[in-house]
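J.: I have a structure here, written as structure tokens, and I will follow up with some questions on it.
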Amino acid sequence: MSPPAAGYRNAAREVLGLPLNATLVLFGAMDGVNNFIKGWDLLQPALTLIAKDMDGVNGVIFGQSEPSHPPNPGLPLYWMGHLNDDATLALLYSAADVMVVPSRQEAFGQTGSEAQACGCPVVAFNCTGLQDVVDHRVTGYLAKPYDIVDLANGIRWVTQNKDRHESLSSAARERALRLWAPEVVIPRYKAIYEAVLLSRYEQ
């Protein structure tokens, strides 16, 4: 299946009240701005660098409401709060131009896999579980670990060229279906479960 077309992306933005003509950089985690592991303190200065040389970039944050003293990376931020249903979350991924997962540590990186399933390329650090989620320069960009400048470079690389962005979106969607679709994952879990049962019986 193809990633969301521009018309669908705009429709998703209209539903969510997000600007149609901006480049939307998405970040999401439970209380992510205050969670050291999730890396907002690395993303914020990267956004500040981007704000200096790219026009029309907006940040979108989900997983928490706007704090009483919100951060100011030098570009507009939209606070989506806690999203409790898959349909709204899929709309948000579809509305974004790029999902950034700047975590210092992830066992896998669920938001990265979810975003790609919706055709949204992912920028992350080349470490821990995100190495298995993002195919570098194919479905997104893996920056040097904890390098703020390279994280900003990755966001620029994904978003600044329309043809490249479309290619990344298509590859992200295709890879997600190939690796993480239920019809792919469930038989693998079933095979492991049956192998464990068989080994117990053979002991």
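J.: Please go through the range 168-198 and pick out each residue that is loosely packed, with under 10 Cβ neighbours inside 10 Å and either within 30 Å of residue 156 (Cα to Cα) or aromatic (Phe, Trp, Tyr) (or both).
T.: Of everything in the range 168-198, those that are loosely packed, with under 10 Cβ neighbours inside 10 Å and either within 30 Å of residue 156 (Cα to Cα) or aromatic (Phe, Trp, Tyr) (or both) turn out to be 178, 189.
J.: Show me the strands (runs of 3 or more DSSP E) found entirely inside the range 87-202 where at least 1 residues are over 21 Å from residue 9 (Cβ atoms) and more than 11 Å from the chain's Cα centre (by Cα).
T.: Because the criterion is at least 1 residues that are over 21 Å from residue 9 (Cβ atoms) and more than 11 Å from the chain's Cα centre (by Cα), the strands (runs of 3 or more DSSP E) in the range 87-202 that meet it are 122-125, 140-143.
J.: Here's another thing I want to ask about it. Kindly establish whether residue 102 is farther than 23 Å from residue 21 by Cβ, touching a residue at least 12 places away in the same chain (Cβ under 8 Å) and of a type outside the set (Phe, Trp, Tyr).
T.: yes
J.: Would you point out the residue of the range 79-94, among those that are out of contact with any Phe, Trp or Tyr (no Cβ under 8 Å at 6 or more places or on another chain) and among the polar types (S, T, N, Q), that is nearest to residue 121 (Cα to Cα)?
T.: 88
J.: Of the conditions (1) closer than 30 Å to residue 48 by Cβ; (2) out of contact with any strand residue (DSSP E or B) (no Cβ under 9 Å at 6 or more places or on another chain), residue 170 satisfies every one except a single condition; which number is it?
T.: Single failed check for residue 170: (1).
Conditions (1) touching a strand residue (DSSP E or B) at 6+ places or on another chain (Cβ under 7 Å); (2) under 21 Å from residue 34 (Cβ atoms); (3) in contact (Cβ under 8 Å) with a residue 40 or more places away in the chain, marked per residue:
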site	(1), (2), (3)
63	yes, yes, no
96	yes, no, yes
109	yes, yes, no
113	no, no, yes
122	yes, no, yes
135	no, no, yes
143	yes, no, no
147	no, no, no
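J.: Check the range 130-153 and report whether any residue there is of a type in the set (A, V, I, L, M) and surrounded by fewer than 14 Cβ atoms within 10 Å (Cβ to Cβ).
T.: Checked the range 130-153: at least one residue is of a type in the set (A, V, I, L, M) and surrounded by fewer than 14 Cβ atoms within 10 Å (Cβ to Cβ).
J.: Quick check on my filter: what residues within the range 86-138 are modelled with pLDDT under 95 and of a type in the set (Phe, Trp, Tyr)?
T.: Result: 108, single match.
J.: State the number of residues belonging to the range 42-86 that are of a type in the set (Gly, Ala, Ser), buried (at least 19 other Cβ atoms within 10 Å of the Cβ) and within 18 Å of residue 111 (Cα to Cα).
T.: 2
The values are calculated or read from the model by the stated rules, or taken from the named source; none is laboratory data. Just so you know, these numbers come straight off a predicted model, no measurement behind them. Counting neighbours? That spans all protein chains shown, and the Cβs are built from the backbone with ideal geometry, glycine included.
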